[in-house]
Amino acid sequence: MPHFIPGLELAGLYYREAVRPILQVDYPDLVHSAGLIGPGSEVLGFDTEMSADHNWGTQVVLYLSEEDHTHLAGDLRRTLGDKLPFSFRGYPTHFEELNIDQVC
């Protein structure tokens, strides 16, 4: 098991070091923001090493305009799925996709 990094910190590192560089090359004009949302303790900064054993991991949520989402979401998923590493700082990066409608 890698050294524990709190989920919010890990998400920020993952975005800055892995996700954003891909977006800058493949979608240089894409207006977006990034964050972390969901039901996990890491969203509020309450995660611990124990949290890493269930529904916890390297993740980031991209926020796009409605128009960009309509036209680019599928392509973005494929591009990131193909280009992101399978692990980041020792943590896996490929998971089942979260359906945000189930969270809210």
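The values are calculated or read from the model by the stated rules, or taken from the named source; none is laboratory data. Because the structure is predicted, anything quoted here is derived from the model rather than measured. Reconstructed Cβ throughout: ideal geometry from the backbone, glycine too, with neighbour counts over all protein chains shown.
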By residue number, the members of segment 62-75 that are surrounded by 11 or more Cβ atoms within 10 Å (Cβ to Cβ) and of a type in the set (Gly, Ala, Ser) are 65, 73
Per-region count, segment 50-61, residues assigned to a helix (DSSP H, G or I) and either surrounded by 11 or more Cβ atoms within 10 Å (Cβ to Cβ) or in contact with a Ser or Thr (Cβ under 9 Å, 6 or more places away or on another chain) (or both): 2
Would you please name the residue that is farthest from residue 3 (Cα to Cα), looking only at residues in segment 17-73 that are modelled with pLDDT under 90 and of a type in the set (D, E, K, R)? 42
If we keep just the residues of segment 1-45 that are in a loop (DSSP other than H, G, I, E, B) and of a type in the set (A, V, I, L, M, F, W, C), which is nearest to the chain's Cα centre (by Cα)? 36
For segment 1-16, pairs from a residue that is on the phi < 0 side of the Ramachandran plot to a residue that is in a loop (DSSP other than H, G, I, E, B) and acidic (Asp, Glu), with Cβ under 6 Å and 6 or more apart or across chains, are 6/47; 7/47
Matching residues in segment 32-51 - criterion: being in contact with a strand residue (DSSP E or B) (Cβ under 8 Å, 6 or more places away or on another chain) and hydrophobic (A, V, I, L, M, F, W, C): 34, 36, 37
Restricting the search to segment 76-97, which residues are loosely packed, with under 12 Cβ neighbours inside 10 Å and out of contact with any helix residue (DSSP H, G or I) (no Cβ under 9 Å at 6 or more places or on another chain)? 78, 81, 82, 86, 90, 92, 95, 96
